[in-house]
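Novice: Just dropping this structure here.
The values are calculated or read from the model by the stated rules, or taken from the named source; none is laboratory data. If you're wondering where the values come from, they're calculated on a predicted model, not measured in any experiment. As a convention, Cβ positions derive from the backbone with ideal geometry for all residues, glycine included, and neighbour counts pool all protein chains shown.
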Amino acid sequence: MIRFILPLIALVLFFLEPVFGLFSPLQLDGVYYYIVPRFLLMFLIFVTVYYDTRHAMYYGLFFGLLYDVFFIDIIGLYAFLYPMICLITGYVVKSVHRNLLVATILTLVLTALFEFVLYLFFSVISVISMPVDVFLTTRLLPTMIANSLFLVMLGWVFKSLIVARLLERENSKA
């Protein structure tokens, strides 16, 4: 039964992102702060770190296509970026120790990179015309704070479930 736990968690996170997105924007002192939940991306990075890059890339492609179809008008953007982040994670993980602190820091750095690449893409095609400093203060910083809180609360749960699935897979091979 634990075999289906990773796709099930990814599916639940896919559906939770827009729910938490409803809390955005927050207005403080007349300034709007935008929080973009990236729960699925963070989970995919954890799957890459603790399970398998190939499986994470497949999940990233599938959920990226779903994200493109349901939430944005550009088909292929998330379907490209999710597996690309998993691939980058796979290369980085080969040269660092796989503990929870490293995985958390790597996840936060790659989530920030993901957000910045999206910002650059949408700036290039003129969907948004936000200066970089405004993006950093009103979108990237609040997004990273919110996502880091989520990761601190559930990072060890992700790791535990993924490692349990990995052990089940190894035991079924033997």
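Yes/no matrix, rows are residues, columns are (1) in contact with a helix residue (DSSP H, G or I) (Cβ under 9 Å, 6 or more places away or on another chain); (2) part of a helix (DSSP H, G or I); (3) modelled with pLDDT of 90 or more:
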position: PHE23; (1), (2), (3): yes, no, no
position: GLN27; (1), (2), (3): no, no, no
position: VAL36; (1), (2), (3): yes, no, yes
position: PHE43; (1), (2), (3): yes, yes, yes
position: PHE46; (1), (2), (3): yes, yes, yes
position: VAL49; (1), (2), (3): yes, yes, yes
position: ALA56; (1), (2), (3): yes, yes, yes
position: GLY60; (1), (2), (3): yes, yes, yes
position: PHE63; (1), (2), (3): yes, yes, yes
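Novice: Something else: Which of (1) closer than 18 Å to ILE9 by Cβ; (2) of a type outside the set (Gly, Ala, Ser); (3) free of Cβ contacts under 8 Å to residues at least 24 places away in the same chain is the odd one out, the single condition LEU151 does not satisfy?
Specialist: (3)
Novice: Same structure again: Among (1) touching a Phe, Trp or Tyr at 6+ places or on another chain (Cβ under 9 Å); (2) within 27 Å of SER126 (Cβ to Cβ); (3) not charged (D, E, K, R), which single condition is VAL31 missing?
Specialist: The number of the failed condition is (1).
Novice: Restrict the check to the range 19-34 and report whether at least one residue is β-branched (Val, Ile, Thr) and touching a residue at least 60 places away in the same chain (Cβ under 8 Å).
Specialist: Just the residues of the range 19-34 that are β-branched (Val, Ile, Thr), to begin with: 19, 31.
When the remaining residues are screened for being touching a residue at least 60 places away in the same chain (Cβ under 8 Å), the result is 31.
Yes, that holds for at least one residue.
Novice: Could you check the range 91-115 and list, in sequence order, the residues that are among the charged types (D, E, K, R) and in a helix (DSSP H, G or I)?
Specialist: We begin by selecting, within the range 91-115, every residue among the charged types (D, E, K, R); these are 94, 98, 115.
Answer for the range 91-115, where residues must be among the charged types (D, E, K, R) and in a helix (DSSP H, G or I): just GLU115.
Novice: While we're on this one: All but one of (1) within 20 Å of LEU106 (Cα to Cα); (2) over 15 Å from the mean Cα position of the chain (by Cα) hold for ARG38, so report the exception by its number.
Specialist: (2)
Novice: Working carefully through the options THR137, THR107, find the one that is crowded, with 17+ Cβ neighbours inside 10 Å and either β-branched (Val, Ile, Thr) or over 16 Å from ARG38 (Cα atoms) (or both). I'd like the intermediate steps shown before the answer.
Specialist: Numbers: THR137 fails: crowded, with 17+ Cβ neighbours inside 10 Å.
Being crowded, with 17+ Cβ neighbours inside 10 Å and either β-branched (Val, Ile, Thr) or over 16 Å from ARG38 (Cα atoms) (or both) holds for just one of THR137, THR107, which is THR107.
Novice: Now for a different question. Are there any pairs with C-beta distances below 8 angstrom linking a residue in the range 120-134 that is within 12 Å of LEU77 (Cβ to Cβ) to a residue that is part of a loop (DSSP other than H, G, I, E, B), with the two at least 6 apart or on different chains, and if so which?
Specialist: PHE122/ILE128
Novice: Moving to a separate point now. Hey, among the residues in the range 142-174 that are of a type in the set (S, T, N, Q) and modelled with pLDDT of 90 or more, which one's farthest from TYR50 (Cα to Cα)? Lay out the reasoning, then the answer.
Specialist: Taking the range 142-174 as the starting set, the residues that turn out to be of a type in the set (S, T, N, Q) are 143, 147-148, 160, 171-172.
With modelled with pLDDT of 90 or more added as a condition, the list becomes 143, 147-148.
Numbers: THR143: 24, ASN147: 19, SER148: 19 Å.
Per the stated criteria, the residue is THR143.
Novice: Turning to a different aspect of this structure: State whether one or more residues within the range 45-63 are among the charged types (D, E, K, R), more than 21 Å from THR143 (Cβ to Cβ) and more than 11 Å from the chain's Cα centre (by Cα).
Specialist: Restricting attention to the range 45-63, the residues satisfying the condition of being among the charged types (D, E, K, R) are 52, 54.
If we keep only those that are more than 21 Å from THR143 (Cβ to Cβ) as well, we get 52, 54.
After this cut, where a residue has to be more than 11 Å from the chain's Cα centre (by Cα) as well, the list is 52, 54.
Yes; the residues of the range 45-63 include at least one that is among the charged types (D, E, K, R), more than 21 Å from THR143 (Cβ to Cβ) and more than 11 Å from the chain's Cα centre (by Cα).
Novice: Taking the criterion of being closer than 26 Å to VAL96 by Cβ, surrounded by 24 or more Cβ atoms within 10 Å (Cβ to Cβ) and out of contact with any Phe, Trp or Tyr (no Cβ under 9 Å at 6 or more places or on another chain), would at least one residue in the range 55-75 satisfy it?
Specialist: For the range 55-75, residues closer than 26 Å to VAL96 by Cβ, surrounded by 24 or more Cβ atoms within 10 Å (Cβ to Cβ) and out of contact with any Phe, Trp or Tyr (no Cβ under 9 Å at 6 or more places or on another chain): absent.
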